[in-house]
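Engineer: Structure in structure tokens, see below.
The values are calculated or read from the model by the stated rules, or taken from the named source; none is laboratory data. Bear in mind that the values here come from a model prediction, so they are computed numbers and not experimental data. Counting neighbours? That spans all protein chains shown, and the Cβs are built from the backbone with ideal geometry, glycine included.
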């Protein structure tokens, strides 16, 4: 039992910030993200023997947190409004989680404008560095769907973040 507890404690120490950052970027509200990640880690602890053997336990926690969010949303039968993305500029540095130089408010604002599924794909693929197959597995969608969402999201982010007068090729 002691090894079981130590393994989970090490997993939590090594992955809690990544999980929180990933869920925060997906849901856009720090308090909600913290609640979701806490619930996901509680479920991971309850099933640690199984979760510890999962090929991507961090992805399992993130997916569980996102599923908890969906379940909460369905119970309320209304969509929870996304807070003003400008809130990122005012986030305090807590436990090394929010580094304003790493979490650019302009990027956060652009991410929050994406549809939820595109935002999930971007966060899992680019922030958590999961491959296409693992992202598809975590989200329960086909790999081709992941690529389609990623392509659309990158195009939308490019349109949002690259100034309109900028020329890619100069002659």
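So that you can scan it fast, the table gives a plain yes or no per residue for (1) at pLDDT below 90; (2) assigned to a helix (DSSP H, G or I):
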position	(1), (2)
118	no, yes
133	no, yes
138	yes, yes
165	yes, no
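Results for (1) within 11 Å of the chain's Cα centre (by Cα); (2) at pLDDT 90 or above; (3) crowded, with 17+ Cβ neighbours inside 10 Å, shown as yes or no for each residue.
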| position | (1), (2), (3) |
| --- | --- |
| 11 | no, yes, yes |
| 20 | yes, yes, yes |
| 25 | yes, no, yes |
| 31 | no, yes, no |
| 37 | yes, yes, yes |
| 40 | no, yes, yes |
| 46 | no, yes, no |
| 50 | no, yes, no |
| 53 | no, yes, no |
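Engineer: Go through the stretch 146-164 and report how many residues are buried (at least 16 other Cβ atoms within 10 Å of the Cβ) and more than 14 Å from residue 111 (Cβ to Cβ).
Structural biologist: So the answer is 1.
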